[in-house]
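The block underneath contains the structure these notes are about, expressed in structure tokens.
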Amino acid sequence: MSEPTRLLIAASGTGGHLFPALAVAEELSDYDIEWLGVPNRLETSLVPENYQLNIISVEGFQQRFGIKTVKIAFCFISSIFQVQKLIKEHQIDVVFTTGGYIAAPAILAARLQKKPTIIHESNFIPGKVTRLLSRWCNIIALGFEGTAEYLPQVKTQYVSTPVRSQFLYPQNLDLPIPPDAILIVVVGGSQGAVAVNRLIRQAATSWLEMGAYIVHLTGEKDPDVESLEHAQYIHFPFYDNMAGLLQRANLAIGRAGAGTLTELAITGTPAILIPYPYAAEDHQTYNAQVFANAGAAVVYQQSELTAATLEQQVTEWLQSPDELQQMATRAKTLAMKDSAARLATMIRLLIEN
């Protein structure tokens, strides 16, 4: 009996990097999978026990050169040799990464060990690691079809972005929300969004008076988390059953990370998108524009959005729910439900070829 293929997954930091990688790992259950992460990030709690988690000390380079930059550079070089040793000693056959700074030592180590490598770029504007190191990967999997024009010298394939398997099946929602009530879901991504939270609380009263329910995922760093109290306003730092929540939602309000947008497309949830203004190269605005162009969302820049504007936009939709339904239909046209399976097939073909 032949040995199982050994796969190293390098995915770290936020849900946007980890959830797609976990979805692909589920599709490759016949593989022997190990994980590459960093200390004190989301992977230490999200990566299941059946994946060996290997920790390296690496972080993103700072904008300004200084003593810390030298330390980061030393750790980065050291991490390349750590991953190279891991690949060699654990007999890794193929490396898969979802980008971010952990992808760099993984790609370079795989190159040194002559192992096939695939990177998934979820954002419309490719990240720095993707642009710099994509030539050393066998193929780049894309979350948005239009991203290919930014990577003209490498082999790319559009596969959308994988979502957790629960998004593909109906989920029950264990919250006290009447079945005929309008539900607005507010989510700022895995890090929360204090600026968005403040806008919501300023605008929410009229929506609540119209009978809408609001489920607000505030994140853990919101100093005003207890400032709004209402029977129809429910808030959590995080909520595990995002699939059930978005399946039930009539409208979502939040950031425009690639993972969030993919979940909105799969669940057919219309949205107001407020791109994170400090995202690298403003990539969330480019992500959001794809949904706006499809008529699935309305996009507001945070610097220009007021509570009054937000209140009016949502109020108009509450008064004409048919428009929300049309947006929901358009959102579903952006969904690719077999994204994880397509990525898994790409990884298998790297080994076979």
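Computed from the coordinates by the stated procedures, all read-outs in this text should not be read as laboratory data. Source: prediction; values computed, not measured. Ideal geometry is used to build each Cβ from the backbone, glycine not excepted, and the neighbour counts take in all protein chains shown.
Summarising the label geometry, the points placed 7 Å from Cα in the beta-carbon direction at LYS155 and HIS90 lie 2.5 nm from one another. 3J(HN,Hα) couplings calculated from phi for the range 92-104 with the Karplus curve 6.51 cos²θ - 1.76 cosθ + 1.60 (θ = phi - 60°) are, in sequence order, 5, 9, 8, 10, 10, 9, 9, x, x, 5, 5, 5, 4 Hz; Gly and Pro show x. Taking square-rooted eigenvalues a ≥ b ≥ c of the alpha carbon gyration tensor, is the range 167-332 rounded, prolate or oblate, where a/c under 1.5 means rounded and, failing that, a/b exceeding b/c means prolate? Since a/c stays below 1.5, the shape of the range 167-332 is classed as rounded. The string of couplings for the range 203-210 from the Karplus curve (6.51, -1.76, 1.60, θ = phi - 60°) is 9, 6, 4, 5, 5, 5, 5, 7 Hz, one whole number per residue in order, with x for Gly and Pro. Residues considered: LEU18, LEU310, LEU261. Largest GNM mean-square fluctuation over the chain, using C-alpha springs under 10 Å, is found at LEU310. Using C-alpha pairs below 8 Å separated by at least 6 residues, the relative contact order for the chain is 16 percent.
Counting neighbouring Cβ atoms within 10 Å and putting the fewest first, the residues ASP93, ASP322 line up as ASP322, ASP93. Computed from the C-beta positions of GLN319 and ASN172 and an R0 of 30 Å, the FRET efficiency is 0.50 to the nearest 0.05. For the range 193-200, the Karplus equation 6.51 cos²θ - 1.76 cosθ + 1.60, evaluated at θ = phi - 60°, returns couplings of 7, 4, 5, 5, 4, 5, 4, 4 Hz by residue, with Gly and Pro reported as x. Classify the range 175-223 as rounded, prolate or oblate, taking a ≥ b ≥ c as the square roots of the eigenvalues of its Cα gyration tensor: rounded when a/c is under 1.5, otherwise prolate if a/b is larger than b/c and oblate if not. Oblate shape, in that a/c is at least 1.5 and b/c is the bigger or equal ratio.
In a fully extended conformation the segment linking SER303 and ILE55 would gain 85.5 nm over its present Cα-Cα distance, using 0.36 nm per residue.
Each label point was placed 7 Å from the Cα along the Cα-to-Cβ direction; for ALA181 and LYS332 their separation is 2.5 nm. A Förster distance of 35 Å, applied to the separation of the beta-carbon atoms of ARG198 and SER78, puts the FRET efficiency at 0.25. Between [x] 196; [y] 143; [z] 218, which entry matches volume of the Cα convex hull per residue in Å³ as derived from the coordinates of this structure? The calculated read-out lines up with [y]. Reducing the range 107-125 and the range 291-353 to their Cα centroids gives an inter-centroid distance of 28 Å. Treating r as the C-beta distance of GLU229 and ALA341 and R0 as 35 Å, the FRET efficiency rounds to 0.20. Assuming a ≥ b ≥ c are the square roots of the Cα gyration tensor eigenvalues, decide whether the range 27-122 counts as rounded (a/c under 1.5), prolate (otherwise, with a/b larger than b/c) or oblate. Since a/c reaches 1.5 and a/b is larger than b/c, the shape of the range 27-122 is classed as prolate.
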